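Data block below; observations after.
The values are calculated or read from the model by the stated rules, or taken from the named source; none is laboratory data. All of these numbers come straight from a predicted model, not from anything done at the bench. A quick note on method: Cβ atoms are made from the backbone with ideal geometry, for glycine too, and the neighbour counts reach across all protein chains shown. Just the protein is used for accessible areas: all its heavy atoms, side chains included, with ligands, DNA and RNA removed. Shrake-Rupley method; radii C 1.70, N 1.55, O 1.52, S 1.80 Å.
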Amino acid sequence: MRSRSRSHRRRAVVLAAVCALGAGLLGGCADDGGDDRAGGSGGPDTKGRTTLTVGVFGVFGYKQAGLYDEYMELNPDIAIKETSIERNENYYPQLLTHLSTGSGLADIQAVEVANIAEITATQADRLVDLSKAPGVRKEDFIPWKWQQATTGDGRTVGLGTDIGPMAICYRKDLFRAAGLPTDREEVGKLWAGDWDKYIETGRRYQRKAPDGTSFVDSAGGVYKAVVAGSPRRYYDTAGKVIYKDSPAVRQAWGHAMDAATGKLTARLQQFQKEWDQAFANGRFATVSCPPWMLGYIKEKAGPAAEDQWDVAAAPRPGNWGGSFLTVPAASRHKDEAIKLAAWLTAPEQQAKLFAKQASFPSAQSAYALPQVAGARHPYFGDAPTGKIFAEAARGVPAQILGPKDLVIDQNIVDIGVLQVDRQGKSPQDGWRAATRTIDNALDE
């Protein structure tokens, strides 16, 4: 059974929050005009143009950023039609079915990062190798992103769109009241290089914490941030499930338990209503934040918290979220689709998308472009967000992804960690509950 995942919520978060982004990131926020029908390659339109279809889930922002219009202006013989299914848990099963039958496919199909390992391992022969497509340069992309969609024999079946390098967003007013530094450089030094230091900072915070506040939003958030920075977490290089014995999982679980049992958390569950309200009420001082979460924080915390939030480097780099564009071998207009996918994911277009829609580029060549290098966020104390997140992106390790990463990750966080953080169960009981649920799911 697929349940709504954090990754899927993430793209919904982007949809909801992008309109609340600061100056320099504001873009069109109109409805994407998509519907819930799966792709299906288009024929010539009434003007005789070749219609390329693009199948996505949620909002990728190409239309809102004007990229489709720009491409059609550059290529007057091409028309682009995007179809969007709001939730990836509905989109992805359809994509698998259509790939297996070779029908019903759009010319370009998006794939969420949580699914790319399964797609690369099981569907590569049904997708075009994009590594040698005209205009595509491997060196333009962050290496770990390129690797995620590359098969063992070197076929790259997906081009990276966005990524989610993480920082720590923190409340300056709460830090000041707790006797901690507030300058983002000094704050980053508190925990630089070590999540143990982050937990220790939390203990310092709690000793003088303003009434009714906690150091961090949730133990689940701590777990996800820590495990996101490890190259090997749930699978080994041979594809074997190793999460029970994984040092990375053990470390992330330990830090999450330290936060929960040490009463450093506000005992919240991310993306729930109570979490949203806690932003507005200023109930916690820190939260792990990819670029796409800045708009969400601004929206939920509101004008009263403007210039109270800031952004500092995380203890160690990690990634939360991201997607790919693929071209099915059964695409009706394969050559044209390859050109469009290459153009949409080129550094120049990724920089434009970041400026308009806050999707952080997976193309490292975009980081030197002014839309990224010069990006600042006035709501967060004019923080140099382009610089902060680019540095984080460069430090993210190449992760071994497996087909059931999402199942494992979600049940550890939403079953195991949550029972300890919110219900007061022991870490041993929480771990047993999580592993029992995961094992049942993996046996299905």
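Quick notes
- Whether segment 328-444 is rounded, prolate or oblate, judged on the alpha carbon gyration tensor where a/c under 1.5 counts as rounded: oblate
- Protection proxy ranking, highest mean first, for peptides 420-430, 166-176: 166-176, 420-430, where packing is the per-residue count of other beta-carbon atoms within 10 Å, averaged.
- Annotation: per residue accessible area for the chain equals 39 Å², rounded to a whole number [probe 1.4 Å, protein chains only].
- Peptide ranges 393-404, 318-329 listed from the most packed, as the mean C-beta count within 10 angstrom indicates: 318-329, 393-404
- Pairs spanning more than 32 Å between alpha-carbon atoms, out of Lys47/Lys334; Lys224/Lys352; Lys240/Lys334; Lys189/Lys240; Lys189/Lys404: Lys240/Lys334; Lys189/Lys240; Lys189/Lys404.
- Across the chain, Cα pairs under 8 Å and at least six residues apart give a relative contact order of 24 percent.
- In this Cβ point-charge picture (+1 for Lys and Arg, -1 for Asp and Glu), segment 341-397 has a dipole of about 40 debye about its Cα centre.
- Per-residue Karplus couplings for segment 343-350, computed as 6.51 cos²θ - 1.76 cosθ + 1.60 with θ equal to phi - 60°, are listed in order as 5, 5, 9, 5, x, 5, 6, 5 Hz, Gly and Pro entered as x.
- Carbon + sulfur, % of accessible area of the chain - ligands and nucleic acids excluded, 1.4 Å: 48
- Over the chain: helical MRE at 222 nm, DSSP H runs n ≥ 4 each giving -39500 (n - 2.57), nearest 500: -12500 deg cm²/dmol
- FRET efficiency estimate (nearest 0.05) - Cβ-Cβ, Asp196 to Arg436, R0 35 angstrom: 0.75
- A Förster radius of 45 Å combined with the Cβ-Cβ distance from Asp382 to Met72 puts the calculated FRET efficiency at roughly 0.80.
- Beta-bridge orientation, the chain: approximately 65 percent antiparallel, per DSSP, counting only bridges with both partners inside.
- Per-peptide packing, taken as the mean over residues of other Cβ atoms within 10 Å, places 378-391, 214-227 in the sequence 214-227, 378-391 from highest down.
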